[in-house]
Amino acid sequence: MQPAFVPGKKIALRAYNERTDFHKYYEWINDKSVTEYMDDMYPVTYEYAKKYMRSLASPDLDNVVFIIEANKEAVGITGLYDINDVHRRARTRTMIGEKEKFSRGYGTESKILLLSYAFYMINLHHITSIVQEQNIASIKSLEKVGYVREGLLRENSFYKGHWVNDIVFGITEPDFHPVWEKYNESLKK
Ligand SMILES: CC(C)(COP(=O)(O)OP(=O)(O)OC[C@H]1O[C@@H](n2cnc3c(N)ncnc32)[C@H](O)[C@@H]1OP(=O)(O)O)[C@@H](O)C(=O)NCCC(=O)NCCS
């Protein structure tokens, strides 16, 4: 599936382009302060990262990969993965890769834009995001955009020598609707 351009207030989502974006992604994925709570292996080789991104971003697959852009600069990456057309569902992950750009609202706004694309452009119904329970920024931003806790995966991740729980968050199109209306109202101010 080919992603569209999704414009927002502080940020926009645009299609990932291997030629111009891969070197940034490679820096981000090898920055432990960025990937601390993520599943990704660390560090990863250039070849591994390239193969991984090619597998994700292939237009033949049921994934949509977006670069998060602020002031025309790539600051992170997000996407919908394992899109299922029968059950109209997908999984999502988001990473602000430039750590000096954390806590500016970019993560939250990128989730709003991604969900608007998922629900109103490609007609999905349910989106899932799994997060380690100590990833407070991620949990807050998921809850701000309407995700609810749907499950707990006990001791599902290994973090600094300990087993930690993962929380399964989910959102349906009706859950998101008021968030989207509020966001659109904020654009008029
Ligand atoms: C998680 C992430 C997407 C959040 O995006 P962000 O742009 O940094 O966060 P936002 O500015 O949108 O803030 C979201 C909320 O988290 C809070 N927050 C941000 N950083 C925080 C931190 N380090 N600790 C606690 N709360 C934090 C913000 O205050 C805000 O809550 P509030 O509105 O109640 O004040 C981003 O930090 C990131 O990509 N981190 C690295 C990769 C990662 O962990 N991805 C998620 C994998 S599931």
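The values are calculated or read from the model by the stated rules, or taken from the named source; none is laboratory data. Keep in mind it's a predicted model, so treat the numbers as computed, not measured. No Cβ is skipped: glycine too gets one built from the backbone with ideal geometry, and neighbour counts run over all protein chains shown.
Of all the numbered requirements in (1) charged (D, E, K, R); (2) under 26 Å from residue 120 (Cβ atoms); (3) modelled with pLDDT of 95 or more, residue 19 misses one, and that requirement is (2).
Look at (1) surrounded by 14 or more Cβ atoms within 10 Å (Cβ to Cβ); (2) over 14 Å from residue 70 (Cβ atoms); (3) more than 8 Å from the ligand (Cβ to nearest atom) and you find that residue 98 fails only one, number (2). If you go through region 34-52 and pick out every residue that is closer than 22 Å to residue 138 by Cα and either part of a helix (DSSP H, G or I) or basic (Lys, Arg) (or both), you end up with 2.
Only a single item in (1) of a type outside the set (S, T, N, Q); (2) part of a helix (DSSP H, G or I); (3) out of contact with any helix residue (DSSP H, G or I) (no Cβ under 8 Å at 6 or more places or on another chain) is not met by residue 59, and it is number (2).
Taking the condition hydrophobic (A, V, I, L, M, F, W, C), under 13 Å from the mean Cα position of the chain (by Cα) and at pLDDT below 95, does residue 1 pass? Spelling it out, it is not the case that residue 1 is hydrophobic (A, V, I, L, M, F, W, C), under 13 Å from the mean Cα position of the chain (by Cα) and at pLDDT below 95. Within region 78-95, the residues that satisfy the criterion of being in contact with a strand residue (DSSP E or B) (Cβ under 8 Å, 6 or more places away or on another chain), more than 8 Å from the ligand (Cβ to nearest atom) and among the hydrophobic types (A, V, I, L, M, F, W, C) are 80, 83, 90.
Among the residues of region 107-126, those that are at negative phi and over 11 Å from the mean Cα position of the chain (by Cα) comprise 116, 117, 118, 119, 120, 121, 122, 124, 125, 126.
Considering 15, 90, which residue is buried (at least 20 other Cβ atoms within 10 Å of the Cβ) and among the aliphatic types (A, V, I, L, M)?
On the way: 15 fails: buried (at least 20 other Cβ atoms within 10 Å of the Cβ).
The match here is 90.
Applying the criterion of being out of contact with any helix residue (DSSP H, G or I) (no Cβ under 8 Å at 6 or more places or on another chain) and outside any helix (DSSP H, G or I) to the residues of region 133-142, the residue that is farthest from the ligand (Cβ to nearest atom) is 134.
Quick grid of which residues meet (1) more than 9 Å from the ligand (Cβ to nearest atom); (2) farther than 19 Å from residue 77 by Cα; (3) surrounded by fewer than 17 Cβ atoms within 10 Å (Cβ to Cβ):
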| position | (1), (2), (3) |
| --- | --- |
| 103 | no, no, yes |
| 115 | yes, no, no |
| 160 | yes, yes, yes |
| 165 | yes, yes, yes |
| 181 | yes, yes, yes |
| 184 | yes, yes, yes |
| 189 | yes, yes, yes |
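Among the conditions (1) within 9 Å of the ligand (Cβ to nearest atom); (2) surrounded by 15 or more Cβ atoms within 10 Å (Cβ to Cβ); (3) touching a residue at least 60 places away in the same chain (Cβ under 8 Å), residue 130 misses just one, which is (3).
I'm checking my understanding of the structure. Among residues of region 18-50 that are surrounded by 12 or more Cβ atoms within 10 Å (Cβ to Cβ) and of a type in the set (Lys, Arg), which one is farthest from the ligand (Cβ to nearest atom)? My answer is 50.
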